[in-house]
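Visitor: Pasting a structure below so you can have a look.
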Amino acid sequence: MKHIKEYLFLALFAVSSTASAIIIRDDIADEKYQIPASALPALADFPGEGHGALISPKWVVTAAHVVHMQHIQEIMINGLPRKVESVVVHPGFKMTPATLVKEALASGDGSKLAEFLASSDDIALIKLKAPVTDVKPISLYRGSNEIGRTVQLIGKGATGNGNEGVEPHSPHRTTLRRAFNVISSVYTRWISYTFDSPKSAIPLEGMAGDGDSGSPVLIMEERQWQLAGLVSWDSIQRDLRTYRGVRYGDGGNNVRISHYIAWIESSISSEEQKQNLEPTGG
């Protein structure tokens with residue numbers, strides 16, 4: 001696995017070492033953010049770190065960079081191991097060039113790297129070998145009015161606060177936490193928010209950080225929490241050479257599920273048709 005700095009602000013998992021899940025306000029006790037592991041049964045845990053969400057009995061959606069750099073054979077859902085049959089990565093996903101990363105690390109300026117990340121389709125589907133029968137899949141948000149909406153963020157990695165950032169060697173998996181934020185920008189591929197300081201923050205405001213990419217971003221619609229986004233990468237508002245996790249003023253950029261509905265449905269349909277056409281032994 002590569003070190004986190006090779007992805008810099010590819011948030012929540014990125015494939016690497018310095019994990020941090022929900023970054024919380026420094027003026028609110030951590031216990032206020034902690035929730036039981038059963039709070040979201042459809043949450044999928046990847047080996048070591050990284051998440052996804054169960055969207056149908058045999059399918060999990062996650063960020064493409066979570067699965068691209070490792071061979072995943074098994075994931076956990078509702079506390080039980082589930083065997084992986086195959087992975088479908090969006091054809092528009094692009095690996096970050098090493099030269100671009102080195103340039104950002106040398107200069108401290110991440111603007112070009114952020115521009116590259118924004119141009120990639122960071123989404124993938126995982127097909128399970130057997131259907132999950134003990135968990136209700138989460139519904140996909142199909143609307144287009146995300147801006148101004150309050151979203152729920154969930155993750156299990158290490159934590160920190162917006163004032164101090166994250167300890168460099170924090171454990172990769174800890175207690176499940178939940179925070180909230182407000183979508184401030186909407187783009188074709190992304191829904192984004194900013195981690196405000198306590199003076200202007202909403203109650204239990206927080207932000208996803210390194211270590212839990214693919215985590216669900218949820219919107220309340222039709223009296224239920226629906227999957228509106230997947231944690232992907234962060235916009236860091238400081239010199240990247242001194243990067244130590246997200247802090248107040250930084251932004252979170254999340255895969256916009258509503259933009260990928262057609263791709264998700266056509267990919268699942270195509271894979272299932274292939275399986276139906278495969279000859280059976282006789």
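We did not get these values from a lab; they are worked out from the coordinates using the rules stated. Bear in mind that the values here come from a model prediction, so they are computed numbers and not experimental data. In this analysis, Cβ positions are derived from the backbone assuming ideal geometry, glycine residues included, and neighbour counts consider all displayed protein chains.
Visitor: Report the gain in length on full extension from His68 to Ile35: 0.36 nm times residue separation, minus Cα-Cα distance, nm rounded to one decimal.
Guide: So the extension gain works out to 8.9 nm.
Visitor: State, to one decimal in nm, how far the label point of Lys274 lies from the label point of Ser185, with both points 7 Å from Cα in the Cβ direction.
Guide: For Lys274 paired with Ser185, the spin-label model returns 3.6 nm.
Visitor: Restricting to the chain, what percent of DSSP beta bridges are antiparallel, rounded to 5?
Guide: Roughly 95 percent of the DSSP beta bridges within the chain come out antiparallel.
Visitor: Return, for the Cα atoms of region 90-238, the radius of gyration and Dmax in Å, separated by a comma.
Guide: When restricted to Cα atoms, region 90-238 yields Rg and Dmax of 16.7, 50 Å.
Visitor: Starting from the Cα gyration tensor of region 21-171, multiply each eigenvalue by 5, take the square root, and state the resulting semi-axes largest first in whole Å.
Guide: Equivalent-ellipsoid dimensions as semi-axes: 27, 23, 17 Å.
Visitor: Tilt of helix 261-277 relative to the longest C-alpha principal axis of the chain, in degrees (0 to 90, nearest 10)?
Guide: Roughly 30 degrees between the two axes.
Visitor: Which of the three applies to region 223-282, rounded, prolate or oblate, going by the alpha-carbon gyration tensor with a ≥ b ≥ c and a/c under 1.5 meaning rounded?
Guide: It is prolate, given that a/c is not under 1.5 and a/b is the larger ratio.
Visitor: To make sure I understand the rule: partners must be aspartates and glutamates, Cα under 12 Å from the Cα of Lys32, and not fewer than 8 residues away in the same chain. Which ones qualify?
Guide: Leaving aside aspartates and glutamates fewer than 8 places away in the same chain, those within reach of Lys32 are Glu205.
Visitor: Near Lys94, which aspartates and glutamates are there with a Cα under 15 Å away, not counting those fewer than 8 places off in the same chain?
Guide: Counting by Cα, and skipping residues close in sequence, Lys94 has these aspartates and glutamates nearby: Glu6, Glu115, Asp121, Asp122.
Visitor: For every other residue with a beta carbon closer than 13 angstrom to the beta carbon of Val186, add +1 if it is Lys or Arg and -1 if Asp or Glu, then tell me the sum.
Guide: Computed value for this residue: +2.
Visitor: So for the chain, Kirkwood radius off the Cα pairs, Stokes-Einstein at 10 °C and 1.306 mPa s: how many µm² s⁻¹?
Guide: Here the translational diffusion coefficient equals 85 µm²/s.
Visitor: Which of the lysines could a cross-linker bridge to Lys83, judged by Cα under 20 Å and excluding same-chain residues fewer than eight apart?
Guide: Here the lysines satisfying the reach criterion relative to Lys83 are Lys58, Lys127, Lys129, Lys136, Lys274.
Visitor: Moving to a separate point now. Can you give the calculated 222 nm mean residue ellipticity of the chain, where each DSSP H run of n ≥ 4 adds -39,500 (n - 2.57) and the sum is split over every residue, rounded to the nearest 500 deg cm²/dmol?
Guide: -4000 deg cm²/dmol
Visitor: Measure nothing but the geometry: give the 0 to 90° angle between the long axis through the Cα atoms of 98-107 and the longest principal axis through the Cα atoms of the chain, rounded to 10°.
Guide: Tilt relative to the chain: about 10 degrees.
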